[in-house]
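The values are calculated or read from the model by the stated rules, or taken from the named source; none is laboratory data. These numbers were taken from a predicted model, which means no experiment stands behind them. Neighbour counts are summed over all protein chains in view; Cβ atoms, including those assigned to glycine, are modelled from backbone coordinates with ideal geometry. For accessibility, only protein heavy atoms count, side chains too; no ligands or nucleic acids. Shrake-Rupley method; radii C 1.70, N 1.55, O 1.52, S 1.80 Å.
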Amino acid sequence: METFELNFDGLVGPTHNYAGLSYGNIASVRHARSVSNPKAAAHQGLAKMKLLADLGVSQAVLPPQERPDMETLKRLGFSGSEASILERAAKEAPELSAACYSASSMWAANAATVSPSADAEDGLVHITPANLVRNFHRSLETGFTASVLKTIFHDDSVFIHHDPVPGAVQLSDEGAANHIRLCPTHRDKGIQVFVYGRKAFDPLDRGPEKYPGRQTFEASAAIARLHRLRPTCALFVRQSSEAIDSGVFHNDVISVGNENLFLYHSRAFSHGQADVDRIAEAYRACRHDDPILFEVTRNELPLSDAVGSYLFNSQIVTMSNRSMCLIAPVECLENAAAAAVVDRLLSEANPIAEVRYVDLRQSIQNGGGPACLRLRVALTERERSLIHQGVWLTEQLYDDLTSWVDRFYRDRLGPEDLADPRLPDESRSALDELTRILGLGSIYGFQKI
Ligand code: SUG
């Protein structure tokens, strides 16, 4: 039976804005309080999805979350009418107002960790939403993410949904952004590499000095247990603190894998080559041939250029003709060192046959490149037939979503707009219409009242 990798992209929400909420994510901090363009952001995301669908990759969408999150503002002590809550929050606690307005669920790589049935001892597809406790604005996503994933992957004969790992900083989990699966083809048993930034319960663990290690070993280990992964197929690798302190806030900013190909920076992992050797050994121990390793050295691409170009946040996808395509951000064209790495990738012997560049500037200015915007889910044909079908990006859905964005989204959103009493209604009208387009029923809180 054929197994496909599905890419679920987070649809950019109508309140996409730049609030500087993610310490350690250099782009987010740099663009704090700049004016965003939610309409352009949503179109850029849709254009990437369309490109992938046209390349023969199974592409689906995840709906955005309801923002502002009024319930959270009320829990934080703001009361009265909606307009007065928003006005007071914007004035007294602009960081809380911005957090409750963030469209950060667009970065679907952080939504969850998903293990395909081929890897689990019980033959089920395992799904664990990320708790995202490291950043307040992102922690607000977990509840809705869990419920929307249950709505889409609703058949409990093949999908098993776990609760998020308990929400404490020692168990901080950022989902698939720190998770790499390597396998000969998506249908085969694979190895899963969990990359963590610190060991929270080890008193001798110093972790990175400047920026937080957002994924803990303890959270990664819990997910491998929950997902019933065969012990030999789950591997825990520590991210290098040097990389984190250079702005690599998630591992998907410094390495990326697809099937048997692994592209990584020599400074990605704390034990360098020894960690890569461990990954290759685990791969061979699954009775697979050698993986194809493509190392990029610091001389070729300094860490600052890796972060600046977002090269490793490219997606690598298998096309219908079985060769691979690199979906790279346009920033790679503007960085000579990154462009040279792409040239080398294309000229050396490996499965990458072509590169396509995507303009995702609205998202990248908040630290989210091509790979951040998607959650990978490898499913057999049967499993694929058992998910909610309205989320597939068909030509029709692409057209519908394009005109929906044109009708409902603003092309300018600055910090002062977060106090605009019309914005919540605009956002709810857009989401109400979206649930009709996707056939998802009443998934939002405001639809249930
Ligand atoms: O969690 N940025 C996101 C970017 C996530 C990128 N995802 C992956 N690498 N997989 C984050 O840091 C910025 C929001 C703001 O500042 O307005 C933000 O949340």
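In the elastic network of the chain, a GNM with C-alpha springs shorter than 10 Å, the most mobile of S157, S304, S314 is S157. For segment 209-256, just say rounded, prolate or oblate: build the C-alpha gyration tensor, square-root its eigenvalues into a ≥ b ≥ c, call rounded for a/c under 1.5, and beyond that prolate if a/b exceeds b/c, oblate if not. Verdict is prolate for segment 209-256. Checking every one of the trypsin sites (Lys or Arg not before Pro) in segment 174-217 against DSSP loop status and a limit of 13 other Cβ atoms within 10 Å picks out R206, K210.
Could you grab the relative contact order for segment 3-447? Cα pairs under 8 Å, six or more apart, rounded to a whole percent.
Details: 942 pairs, mean separation 103.5, N = 445.
This gives 23 percent for segment 3-447.
Only helical runs count toward this figure. For the chain, summing -39,500 (n - 2.57) over DSSP H runs of n ≥ 4 and dividing by all residues gives -9500 deg cm²/dmol at 222 nm.
Pull out a ≥ b ≥ c, the square roots of the eigenvalues of the alpha-carbon gyration tensor of segment 131-231, then state rounded if a/c is under 1.5, prolate if not and a/b is larger than b/c, and oblate in the remaining case.
Cα axes put segment 131-231 in the oblate bin.
Between 0 and 90 degrees, rounded to the nearest ten: what's the tilt of helix 423-438 against the longest Cα principal axis of the chain? In the chain, helix 423-438 runs at an angle near 50 degrees to the longest axis. Segment 167-201 and segment 205-230 have Cα centres lying 8 Å from one another. Please state the shape class of segment 286-402: rounded when a/c is under 1.5, otherwise prolate if a/b exceeds b/c and oblate if not, all from the C-alpha gyration tensor. Since a/c reaches 1.5 but b/c is at least a/b, the shape of segment 286-402 is classed as oblate. The apolar share of the surface of the chain, taken as the fraction of accessible area on carbon and sulfur atoms (1.4 Å probe, ligands and nucleic acids excluded), comes to 49 percent. Computed from phi, the 3J(HN,Hα) profile of segment 19-26 under the Karplus parametrisation 6.51, -1.76, 1.60 (θ = phi - 60°) reads 10, x, 8, 10, 4, x, 9, 4 Hz, with x in place of Gly and Pro. The trypsin sites (Lys or Arg not before Pro) of segment 251-303 that meet both conditions, a loop assignment by DSSP and at most 15 other Cβ atoms within 10 Å of the site Cβ, are R287, R298. Orientation-averaged projection of segment 120-177 equals 4.4 nm² [convex hull of Cα atoms, one quarter of hull surface area]. The Rg/Rh ratio of segment 351-448, with both radii computed over alpha carbons and Rh defined as the Kirkwood radius, is 1.02. Scalar couplings 3J(HN,Hα) for segment 179-188, obtained by applying the Karplus form with A = 6.51, B = -1.76, C = 1.60 to θ = phi - 60°, are 9, 10, 10, 10, 6, x, 9, 4, 7, 7 Hz; x denotes Gly and Pro.
Accessible area per residue for the chain, computed on protein heavy atoms with a 1.4 Å probe, is 38 Å².
Among DSSP beta bridges whose residues both lie in segment 236-392, state the antiparallel percentage, nearest 5.
Here the antiparallel bridges make up roughly 45 percent for segment 236-392.
Computed from Cα positions, the angle between helix 82-92 and the longest principal axis of the chain comes to roughly 70 degrees.
Hey, any idea what the orientation-averaged projected area of the convex hull of segment 1-144's Cα atoms comes to, in nm²?
Details: hull surface 43.7 nm².
Its average projected convex-hull area is 10.9 nm².
Our compactness index for the chain, the C-alpha radius of gyration over the empirical 2.2 N^0.38 Å, is 0.92.
Once backbone amide H atoms are built at 1.01 Å from N, A378 has L6 as its partners under 5 Å, excluding neighbours fewer than 5 places away on the same chain. Pairs of Lys residues in the chain, spaced 8 or more positions apart or belonging to different chains, with C-alpha separations under 23 angstrom: 6 in total.
Annotation for segment 1-79 versus segment 373-409: alpha-carbon center distance of 15 Å. Sorted from longest to shortest, the spans of the Cα atoms of segment 1-72 along the three principal axes equal 48, 29, 25 Å.
The C-alpha atoms of the chain define a longest principal axis, and helix 142-152 lies at about 70 degrees to it. For segment 266-282, 3J(HN,Hα) computed residue by residue from phi via the Karplus equation (6.51, -1.76, 1.60; θ = phi - 60°) reads 4, 9, 5, 10, 5, 9, x, 4, 4, 5, 5, 4, 4, 5, 5, 5, 4 Hz, glycine and proline entered as x.
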